[in-house]
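The values are calculated or read from the model by the stated rules, or taken from the named source; none is laboratory data. Just so you know, these numbers come straight off a predicted model, no measurement behind them. Note that we place each Cβ from the backbone using ideal geometry, even for glycine, and neighbour counts take in every protein chain shown.
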Amino acid sequence: MTDRLLVCGLGSGMDRSLTELRSPRWELVVATDRPTDRARAAADVLLAVDPNDAVAVLAQLSAAGIDRIDGVFSLGADNPPVISTLARRFGCPGLPLETALDCTLKDRRLRILRAAGLDLPRFATAESVGEAVRAVADIGLPAVIKPSDQTGSLGVLKAETADQVRPLAEEALRLSPGGRIVVEEFLEGTEHTLAAFMVDGELHPFGFADREYGRKEEFAPHFFEGGDTLPSRLTAEQIAEVVDTVRRGAAALRLDPAVVNTDILRTHDGRVVLLEITCRLTGARIATEVMRLATGVDPLPNVVRLALGRPLDLAELRPRHSRAVVQRFLPADGGVVEWVGDPRDVARRTGVYDVFWGLDLSPGTVVPPYRGGADVLAGVIAHAERPEEAEAVAERTLRALPLRFKAGTP
C-alpha cells in the first residue's frame, strides 16, 4: 500500500520544498491557508484550510474522502499541537499533545526548562496589565513582553521605560488568544539557530547558523531579524556547548523522537541561553535551502522517515561541503508601491541563489508600518567563498530590487 503523507502547514517560502517531496512511494496531501501555484502543482490533494485549526483540517480531510494518514508534519509552520492531534487521530507516529503544548506555549516551556536547570532569562507570567507592571518592576528594565501563545515573533515587544510597560502589555494581551503573556529579562549577545533531530536521547545536528540582528531595534519596540549566516563565527568549542544545551533542553521537554528547531542566545560573558526550542523543522527556507546550500545536507528525507516511524539515515546528516551562505531580508515598513518588476531580473548575478518578494506587491499596494518578524518586503539568498563576500552580494542585490514607492514614502 502506498504511504499517504500529510504536510499540514507551510512556513514562509516553504512551498518551494514541496516539489522535492513528490514521490511515487507516497501520496502527498497538503493542508495550507496559502494555496500557492507551487503547492497546487506538487500536491496530489490540496486542502485550502487553516493549518492551525485541527478541527477544520479534519473536516477538510473527511470532505475529501481521506480516512487514512500514515505520516504528518509541517514544513516550518509553528503548529506542533495540531500535528500531534492529527497524528493521534490517525494512529501515526508523533509526539503526545501535552509535549507539543509544552514546547509551544512559552510559559510552560520556560517553567520546564527552569526546573531542568537550563540557563534562562529571568521571567514571569501575567494575565493582566497590572501583573505585567509588577513583573517588570521585579525583573527590571529593559524587558521583553510577549504573548505566551503566539508564534513568528508576533507581539514580541521591548519595554525600555516604565511608561512603555502598560501599553505594550495591553498590546501583547490583545494578541494572546489565551490572555496570558510572558515578561522576560532582556539579554544581549549573539543569536543562533540550531536544527537537529533528537532520537533515543541523542541529538543529531544538521545545521547551525548565526542570526543577523544588526538592525534588531530599528523598529522598536518591535524586533527585526535580518536573516541568517553560515558558517557560524562561533568556535567549534562554543558550538559544542550550544549543542549540549539544546540536547538538555530537548530532553527536558521530551522532544524525542522529533525534529528540533531552536533559537539560542550566547551572552557577551559566555552564557548559553535557550530562547526557543520546539518540535518542528526550521522555517523561512533555512533548514531546507539555506543550510543545505551551505553544507549539502538535505533534512527532508529524514523528516519523512521520522513522520513514518522509520529509522533516520544518519549518513545523510553529515556535511558534504562547506560554503558561505547568507539569507538577508528587507523589512516592510510603510509606503505605496508605484512600480514593481520581477525580482528574477536581478537573480542572475554571480552568487545569487534566489531573490524574492515577501509580500504580494503590485502598483497601488499599501505597505503598512513594520509590526513584527513576518513583515518582510523582500529577501535574498546568496553564497560565496567567505561570509563577508556572500553578504556583499546580498546587499548589492537588495539595493537593485525592481521596486519603486510613490514620492514621500520609503
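Condition first: assigned to a helix (DSSP H, G or I) and among the aliphatic types (A, V, I, L, M). Now tell me which residues in segment 340-349 satisfy that.
To start, the set of residues in segment 340-349 that are assigned to a helix (DSSP H, G or I) comprises 343-346.
346, the sole residue that qualifies.
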Inset, instruction - Output the qualifying pairs, or none if there are none: Cβ atoms under 8 angstrom, residues six or more apart or on different chains, first residue in segment 164-175 and more than 11 Å from residue 146 (Cβ to Cβ), second residue assigned to a helix (DSSP H, G or I) and of a type in the set (A, V, I, L, M, F, W, C). - result: 165/132; 165/133; 165/136; 166/129; 166/132; 166/133; 170/129
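Please find, among 305, 285, 211, 310, the residue that is over 22 Å from residue 80 (Cα atoms), of a type in the set (Lys, Arg) and either out of contact with any Cys (no Cβ under 9 Å at 6 or more places or on another chain) or modelled with pLDDT under 95 (or both). Working first, answer last.
Details: 305 fails: over 22 Å from residue 80 (Cα atoms); 285 fails: over 22 Å from residue 80 (Cα atoms); 310 fails: over 22 Å from residue 80 (Cα atoms).
The match here is 211.
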Legend entry - segment 274-298 - residue that is in contact (Cβ under 8 Å) with a residue 60 or more places away in the chain and of a type in the set (Gly, Ala, Ser) and, of those, farthest from residue 313 (Cα to Cα): 284
Legend entry - Selection within segment 10-68 - closer than 16 Å to residue 83 by Cβ, of a type in the set (D, E, K, R) and in contact (Cβ under 8 Å) with a residue 24 or more places away in the chain: 53
Inset, instruction - Please work out if residue 131 is charged (D, E, K, R) and touching a strand residue (DSSP E or B) at 6+ places or on another chain (Cβ under 9 Å). - result: yes
Legend entry - Sole exception among (1) crowded, with 23+ Cβ neighbours inside 10 Å; (2) in contact with a Ser or Thr (Cβ under 6 Å, 6 or more places away or on another chain); (3) not in a loop (DSSP other than H, G, I, E, B) for residue 94, by number: (3)
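So which of 124, 100, 77 is aliphatic (A, V, I, L, M), in a strand (DSSP E or B), in contact (Cβ under 8 Å) with a residue 24 or more places away in the chain and closer than 30 Å to residue 143 by Cα? Break it down into steps so the answer makes sense when it comes.
Details: 100 fails: in a strand (DSSP E or B); 77 fails: in a strand (DSSP E or B).
On inspection, the qualifying residue turns out to be 124.
Residue 131 - would you say it is among the charged types (D, E, K, R), assigned by TED's automatic domain parsing to the domain that holds residue 241 and out of contact with any Asp or Glu (no Cβ under 6 Å at 6 or more places or on another chain)?
Details: among the charged types (D, E, K, R): yes; assigned by TED's automatic domain parsing to the domain that holds residue 241: no; out of contact with any Asp or Glu (no Cβ under 6 Å at 6 or more places or on another chain): yes.
So residue 131 does not fit the description; no.
Report, by residue number, each residue of segment 1-51 that is of a type in the set (S, T, N, Q) and either modelled with pLDDT under 95 or surrounded by fewer than 17 Cβ atoms within 10 Å (Cβ to Cβ) (or both).
If the condition is that a residue be of a type in the set (S, T, N, Q) and either modelled with pLDDT under 95 or surrounded by fewer than 17 Cβ atoms within 10 Å (Cβ to Cβ) (or both), then 2, 12, 19, 23, 36 are the ones that fit.
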Inset, instruction - Would you check which residues across segment 314-339 are in a loop (DSSP other than H, G, I, E, B), more than 24 Å from residue 371 (Cα to Cα) and of a type in the set (Gly, Ala, Ser) and list them? - result: 322
